[in-house]
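Visitor: My structure is below; once you've seen it, I'll send some questions.
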Amino acid sequence: MDLQIFALLVQDGVTNGAVYALLALALVLVFAVTRVIWIPSGEIVAYGTLTLAGLQAGKSPGTVGLLAGMAVVAGSFEVYACLSRGEAHRMPRQLALWAGVPLAIAAASWWLATFELPFWAQILVTLALVTALGPLLYRIAYQPIAEASVLVLLIVSVGVHFALTGLGLWFFGAEGSRTPPFSAASFELHGVTVSVQSLLVVATSLALITALYLFFGRTLTGKALRATALNRTGARLVGISPDLAGALTFTLAALLCAFSGVLIGPITTVYYDSGFLVSLKGFVGAIIGGLVSYPLAAAGALFVGLIEAFASFWASGFKEVIVFTLIVPVLLWRSLTTTHHEEDE
Amino acid sequence: MSSGRKLPFGAWGAAAFVVLLVGVPLVAPQFWVTLGNYIGLYSIVALGLVLLTGVAGQTSFGQAAFVGLGAYTTAYLATTYGVSPWINLLVGLVLTTLLALFNGVLTLPMRGHYLPLATIAWGISIYFMFGNVDFLGGHTGITSIPALNLFGLELRNERYYYYLIWAIALAALWTSNNLLDSRPGRAIRALKGQGQMAEAFGVDTVRLKIVVFVYAALLASVSGWLYAHLQRFVNPSPFGINQGIEYLFMAVVGGAGSVWGAVIGATLITLAKQVLQDVLPTLLGRSGNFEIVVFGILMVVVLQRAREGVWPWLARLLPVREPPPVPAAEPLALRDRTLLAGPLLDVRAARKRFGGLIAVNDLSFAIHAGEILGLIGPNGAGKSTMFNLISGALPLTSGEVVFRGESIGSRKPFAIARRGIGRTFQHVKLIPQMSVLDNVALGAYLRGDAGVLRAAFKLDRAEEARTKAEAARAIERVGLGAHTHAAAGSLPLGKQRIVEIARALAADPLLLLLDEPAAGLRFLEKQELAALLRQLRAAGMTVLLVEHDMDFVMGVTDRLVVMDFGEKLAEGLPAEIQRNPVVLEAYLGGI
């Protein structure tokens with residue numbers, strides 16, 4: 001291996017790692033606030049890429065139908081909840097929020113997809129569509145059993161992963177998609193070719209990480225979410241609704257995943273079922289941070305990206321074997337260094 | 001209750017199951033025989049998960065990898081070297097044991113949600129290994145695996161093969177059921193969220209988890225071996241993580257708390273999958289793997305609405321068998337009770353530091369054989385910490401705890417239990433679904449030695465009868481004879497605390513440690529508890545009682561040690577302590 005190849009692999013690894021880092025942050029965020037191990041995050045990433053690819057092809061993306069369907073389900077959940085609690089007066093507001101808003105987003109996207117939008121507008125439509133799925137997922141799958149153990153929530157996550165994979169096939173079809181790069185330009189730096197695309201990916205990731213940092217450090221909502229993460233009962237006592245916190249968290253996490261999807265589209269061909277392995281790699285990163293530390297999670301994700309890049313150079317067939325075997329010692333180290341309460345199991 | 005109305009249903013149910021099982025290959029079309037074969041194969045794997053996940057509380061998404069190991073071992077050896085499938089079965093079991101031990105030793109010490117994540121990871125790794133190793137045929141796999149040969153009969157016909165699969169499945173059900181109703185079985189049930197309690201009665205929990213894990217892996221491997229010779233070709237796809245998830249789902253849907261949940265779950269999921277694969281493409285107008293959508297949604301609904309699965313719901317229709325009275329049996333051996341010179345337990349300058357806080361500060365006291373010593377003090381005085389230092393739940397920072405002349409300060413809880421110290425818990429730690437009898441029998445864990453193998457093949461019955469008789473005696477001794485067969489969780493708190501004492505007594509202890517036994521009890525219950533303690537002392541038991549209910553303590557103890565801020569405030573007879581101005585100051589804030 002010469003310096004050229006080494007630099008190329010590092011660049012590859014860092015670019016992939018930056019995408020995994022976004023995912024790792026989303027996973028840490030979701031786990032911290034809701035205790036959900038969010039396996040289906042990968043499907044959201046794949047939906048991001050496939051939605052953008054659909055818009056590129058001048059079609060109305062499958063996400064529109066999916067979002068509309070989920071809005072109807074969430075709306076009926078709300079109607080049922082309001083009726084069974086005898087709070088019929090709250091129904092119009094809840095319906096507008098859970099069914100009206102997502103339906104409006106779906107309708108607007110469907111209408112916008114008929115125009116030839118500029119690239120940046122397509123990205124915006126993609127982000128809006130895919131992000132809207134987040135809170136609906138929380139409402140439908142997780143909120144009804146928000147108090148269950150981490151383990152039950154994990155199995156629910158696996159169920160959601162199954163459902164979303166199949167729905168992905170239904171709404172996007174079996175063929176893979178790749179989106180055009182944001183920039184085809186590249187330049188030489190000390191004899192090493194650096195692609196602008198890679199720089200853009202890393203820069204976007206960094207910008208999002210900074211934005212998250214500011215959100216949690218400087219805004220009241222962010223602080224409320226952090227409070228919920230630390231102590232759910234306590235947060236409820238001081239007037240923070242855990243349901244609202246959960247929905248908000250899933251919105252943010254879905255936004256991060258949608259961004260990952262947009263960023264990963266030009267790097268690799270994405271199929272409806274590509275998300276699982278991507279999300280698991282994000283997990284390896286997140287777990288290195290113990291599912292609690294944002295900077296460690298980002299660093300871990302970067303590490304995974306690098307390992308993957310070098311593994312695919314030396315033993316491409318065993319790339320996944322290497323990456324996933326790596327997680328076991330990391331998990332062991334983590335489980336032995338975290339304090340643990342038996343009653344939580 | 002075996003009411004006349006319900007009994008026929010149970011009998012009919014059992015008869016229908018047998019007729020269906022035996023009759024299917026005789027009359028049913030090929031299609032149903034094939035389905036029956038798959039249900040049998042899946043049941044065997046799901047059964048392992050019932051034990052591992054449902055009973056022992058250790059979630060694995062990776063069982064499909066062990067199925068693959070069993071299948072690939074026989075496929076490779078039979079096609080490449082022409083080795084007999086029966087030898088391959090043994091080789092597969094050995095390989096599976098090795099891989100399961102390796103994975104188990106690495107991942108089972110993990111706690112909480114780390115373990116299931118680890119199983120996903122190695123499940124994926126092993127799947128990709130199958131697909132990338134050249135001698136295993138890569139993604140195309142291995143073809144023309146020979147048929148099984150049983151007593152000269154070649155099992156090419158699926159109808160014959162059916163009987164082999166179900167014979168093995170039923171054998172696995174039988175051994176698993178035996179295992180659950182045994183000495184190791186009681187300990188396995190305690191692994192789910194009650195590990196600390198199990199350790200206190202001498203169970204090496206990590207070792208036991210590994211044993212259950214290997215057991216589940218071996219079942220999976222047998223299923224894989226059967227699969228390979230049924231299909232006569234293997235490729236990596238049925239051993240991926242999705243199939244691993246489906247196995248777990250079968251156990252959850254069927255009801256992971258009972259061995260029958262495995263069969264019901266495997267049946268329901270297999271049939272549902274078949275129906276969906278037929279119906280969905282016509283319904284949707286295109287083909288694809290759409291049944292996983294329904295599966296995923298079903299999984300979420302089951303967990304939201306019926307977390308215990310289908311079996312408990314079915315079990316309610318079955319007759320409840322009146323539990324037989326516990327037969328008398330020869331008592332288990334008692335431990336050596338020779339009195340040694342000096343105190344039974346001697347605490348010498350014990351100290352526990354948590355960061356900057358010294359919870360117990362150079363505390364010394366002694367307990368003499370045959371007395372009830374009370375350790376009292378206001379909230380936060382360090383009583384519970386001191387208790388945990390003696391029972392081994394916390395390590396000492398410095399100082400010594402000497403029991404019968406031997407220092408036990410740095411030993412693990414199960415080693416301390418072995419030396420004859422029994423304990424109760426401040427927050428009751430019983431296994432709620434298990435009967436009082438079984439809960440108390442767990443206390444006698446160290447007095448038996450039946451292991452998993454003996455238990456699985458019912459070779460432990462003599463010892464088991466003695467253990468049960470011993471447990472029944474302990475229950476009689478504390479006056480709960482009427483509740484012997486009740487589920488422990490159905491008793492009121494006061495009685496549950498007494499069950500804890502019976503469980504500790506079943507261990508035949510020399511010293512009984514009671515951690516706030518009166519907390520949360522009503523007046524009458526406290527009086528009963530006091531009477532029980534007096535009765536135990538009259539029988540020669542030595543007791544250390546940690547308590548903050550002064551009235552209760554004054555009535556039953558011989559001597560008191562008063563703690564405050566981690567230090568000894570006073571020591572003496574109850575009457576002296578009651579008049580001690582320093583103690584009054586600490587308790588009442590000096591009036």
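The values are calculated or read from the model by the stated rules, or taken from the named source; none is laboratory data. Everything quoted here is computed from the prediction, not taken from an experiment. Cβ: placed from backbone, ideal geometry, glycine included. Neighbour counts: every protein chain shown. What goes into the accessible areas is simple: the full protein's heavy atoms, side chains included, and nothing from ligands, DNA or RNA. Shrake-Rupley method; radii C 1.70, N 1.55, O 1.52, S 1.80 Å.
Visitor: Using a basic spin-label model with each label point 7 Å from the Cα along Cα→Cβ, how many nm lie between A:PHE215 and B:GLN274?
Guide: About 4.9 nm, to one decimal.
Visitor: On to the next question. Rounded to the nearest 500, what is the 222 nm mean residue ellipticity of chain B from helices alone, with -39500 (n - 2.57) per DSSP H run of 4+ residues and division by all residues?
Guide: -17500 deg cm²/dmol
Visitor: Next up: Enter the accessible area of B:LEU90 (Å², nearest 10), with the probe set to 1.4 Å and all protein chains included.
Guide: 110 Å²
Visitor: If a/c stays under 1.5 just call it rounded; otherwise compare a/b with b/c (prolate if a/b is bigger, oblate if not). Do that for the range A:3-337, with a ≥ b ≥ c from the square roots of the Cα gyration tensor eigenvalues.
Guide: oblate
Visitor: Next question, about the same structure. Describe numerically, in nm with one decimal, the distance between label points set 7 Å from Cα along Cα→Cβ at B:PHE354 and at B:ARG461.
Guide: 5.1 nm
Visitor: Mind running the shape call on the range B:7-319? Use the C-alpha gyration tensor, a ≥ b ≥ c as the square roots of the eigenvalues: rounded below 1.5 for a/c, prolate if a/b tops b/c, oblate otherwise.
Guide: Cα axes put the range B:7-319 in the rounded bin.
Visitor: Let me know the number of lysine pairs in chain B closer than 14 Å at the Cα, not counting same-chain pairs under 8 apart.
Guide: Lysine pairs meeting the criterion: 7.
Visitor: Using R₀ = 22 Å, calculate the FRET efficiency as 1/(1 + (r/R₀)^6) where r is the Cβ-Cβ separation of B:GLU400 and B:HIS427; round to 0.05.
Guide: In this case the efficiency is close to 0.20.
Visitor: Restricting to Cα pairs below 8 Å that are 6+ residues apart, what does the relative contact order work out to for the range A:271-343? Please round to a whole percent.
Guide: Reported relative contact order: 24 percent.
Visitor: Relative contact order for chain B: what percent, with Cα pairs under 8 Å and sequence separation of 6 or more?
Guide: Relative contact order here is 17 percent.
Visitor: May I pose another question? Mean 1/r over all different Cα pairs, inverted: what Kirkwood radius does the range B:48-123 give, in Å?
Guide: 13.4 Å
Visitor: Compute the long axis of helix A:41-56 from its Cα atoms, compare it with the longest principal axis of the Cα atoms of chain A, and write down the angle in degrees, 0 to 90, nearest 10.
Guide: Between helix and principal axis, roughly 80 degrees.
Visitor: Determine the shielding of peptide B:289-295 by partner chains: average, over its residues, the number of Cβ atoms on other chains within 10 angstrom of each Cβ.
Guide: Per residue, the number of nearby Cβ atoms from other chains is 6 on average.
Visitor: In whole Å, how far is the Cα centre of the range B:153-192 from that of the range A:301-329?
Guide: 39 Å
Visitor: Now a separate question. Kindly identify the range A:233-335 as rounded, prolate or oblate by the Cα gyration tensor criterion: order the square roots of the eigenvalues as a ≥ b ≥ c, call it rounded if a/c is under 1.5, otherwise compare a/b with b/c, prolate if a/b is larger, else oblate.
Guide: Taking the square roots of the gyration eigenvalues as a ≥ b ≥ c, the range A:233-335 is oblate.
Visitor: Ignoring ligands, DNA and RNA, how do B:ARG337, B:ARG186, B:ARG461, B:ARG305 rank by accessible area with a 1.4 Å probe, largest first?
Guide: If we order B:ARG337, B:ARG186, B:ARG461, B:ARG305 from most to least accessible, we get B:ARG305, B:ARG337, B:ARG461, B:ARG186.
Visitor: Sticking with this structure for a sec: Run through the DSSP bridge list for the range B:345-590 and note the antiparallel percent, rounded to the nearest 5.
Guide: Antiparallel: roughly 55 percent of the beta bridges in the range B:345-590.
Visitor: While we're looking at this one, here's another question. Protein chains only, probe 1.4 Å: how do A:TRP333, A:TRP98, A:TRP170 rank by accessible area, largest first?
Guide: Result of the area sort, largest leading: A:TRP333, A:TRP170, A:TRP98.
Visitor: How shielded is A:165-177 by partner chains, expressed as the average number of their Cβ atoms within 10 Å of its Cβ atoms?
Guide: Mean partner shielding for this stretch: 3.
Visitor: For the protein assembly as shown, what is the percent of antiparallel DSSP beta bridges, rounded to the nearest 5?
Guide: About 65 percent, rounded to the nearest 5.
Visitor: To the nearest 0.05, how large is the calculated FRET efficiency for B:LEU284 and A:HIS89 if R₀ is 35 Å and r is the Cβ-Cβ distance?
Guide: 0.30
Visitor: Give the dimensionless ratio obtained when the Cα radius of gyration of the protein assembly as shown is divided by 2.2 N^0.38 Å.
Guide: For the protein assembly as shown, the normalised Cα radius of gyration is 1.05.
Visitor: How many angstrom separate the Cα center of the range B:277-347 from the Cα center of the range B:397-417?
Guide: One Cα centre to the other: 36 Å.
Visitor: Could you rank B:HIS139, B:HIS368, A:HIS161 by how accessible they are, 1.4 Å probe, largest area first?
Guide: Final ranking, largest accessible area leading: B:HIS139, B:HIS368, A:HIS161.
Visitor: Which whole-number percent is the relative contact order of the range A:3-337 (Cα, under 8 Å, 6+ apart)?
Guide: Across the range A:3-337, relative contact order equals 38 percent.
Visitor: Moving on. Let me cross-check B:PHE457: its accessible surface, 1.4 Å probe, with only protein heavy atoms counted, in Å² to the nearest 10?
Guide: Roll a 1.4 Å probe over it and B:PHE457 shows about 110 Å².
Visitor: How many angstrom separate the Cα center of the range B:466-536 from the Cα center of the range B:550-590?
Guide: If we compute the Cα centre of each part, the gap is 26 Å.
Visitor: Over all directions, what mean area does the Cα convex hull of the range B:345-590 project, stated in square nanometres?
Guide: One quarter of the hull surface, i.e. the mean projection, equals 14.1 nm².
Visitor: Determine, from the Cβ-Cβ distance of B:ALA575 and A:ALA96 and an R0 of 60 Å, the FRET efficiency 1/(1 + (r/R0)^6), rounded to the nearest 0.05.
Guide: 0.25
Visitor: Further question on the same structure: Please list the equivalent ellipsoid semi-axes of the range A:61-207, computed as the square roots of five times the alpha-carbon gyration tensor eigenvalues, in descending order and whole angstrom.
Guide: Computed over the range A:61-207, the values are 37, 20, 15 Å.
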